[in-house]
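The values are calculated or read from the model by the stated rules, or taken from the named source; none is laboratory data. Source: prediction; values computed, not measured. Every residue, glycine as well, gets a Cβ built from its backbone with ideal geometry; the counts of neighbours run over all protein chains shown.
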Amino acid sequence: MIEFTSGDLLQSDAQYIAQGVAEGNQEGLGTGLALKISKRWPDVQSAFKKHARSGTFKGGKIWISPPGNDHPGIVYLATQPDMYHATLSYLRRALRNLVKWADRERIESIGLPKIGAGLGKLSWQSEVKPLMAEHFTESPCRFIIYEDFTLEDEN
């Protein structure tokens, strides 16, 4: 199931928040939403960086941090071969893996930004949105896409 909304993704009541990042052992997470997540929940960033340094976080893979006492679960999707652009093939594989995981684990809800369409430089209207609709529509998980993402403390 797919739902489009606007607002502060970091204030979402979703069980998980998903974010696209660069593959590999890059020290990324220094821009955009990934930076905001890492500043708010540094333990998640530390665990992800440790995993990323293993060299197994490749295009299309996902990494999951379960919900904690002070944060929702976080899912990082390897949608970018580098820190400067996303690719449709990486995004397609990552979305497929996200849906398979969510369905298998019976995840109720996942909040997402327009993954790949911001810093990733893909077109939201012609590439990313149709791909998300293709993958998310039939899933029992509620995928909440924040089309107009604003931080509450930036208003």
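When you check SER6 against the structure, is it closer than 21 Å to LEU119 by Cβ, surrounded by 13 or more Cβ atoms within 10 Å (Cβ to Cβ) and modelled with pLDDT of 90 or more, yes or no? Show your work before the answer.
Numbers: closer than 21 Å to LEU119 by Cβ: yes; surrounded by 13 or more Cβ atoms within 10 Å (Cβ to Cβ): no; modelled with pLDDT of 90 or more: yes.
For SER6, the condition - closer than 21 Å to LEU119 by Cβ, surrounded by 13 or more Cβ atoms within 10 Å (Cβ to Cβ) and modelled with pLDDT of 90 or more - is not met.
Scanning segment 31-43 turns up no residue that is in contact (Cβ under 8 Å) with a residue 60 or more places away in the chain, farther than 22 Å from GLU134 by Cα and of a type in the set (Asp, Glu).
So if I check each of SER54, SER12, which one is within 27 Å of GLU147 (Cβ to Cβ) and among the small types (Gly, Ala, Ser)?
Numbers: SER54 fails: within 27 Å of GLU147 (Cβ to Cβ).
None of the others qualify; the one that does is SER12.
Considering segment 66-155, the qualifying strands (runs of 3 or more DSSP E), each wholly inside and each with 1 or more residues that are surrounded by fewer than 16 Cβ atoms within 10 Å (Cβ to Cβ), out of contact with any helix residue (DSSP H, G or I) (no Cβ under 9 Å at 6 or more places or on another chain) and of a type outside the set (Lys, Arg), run over 142-149. Just the residues that are within 10 Å of TYR76 (Cα to Cα) and either of a type outside the set (Phe, Trp, Tyr) or not in a helix (DSSP H, G or I) (or both), please, taken from segment 46-59. Once the filter is applied, which keeps residues that are within 10 Å of TYR76 (Cα to Cα) and either of a type outside the set (Phe, Trp, Tyr) or not in a helix (DSSP H, G or I) (or both), segment 46-59 yields only PHE57.
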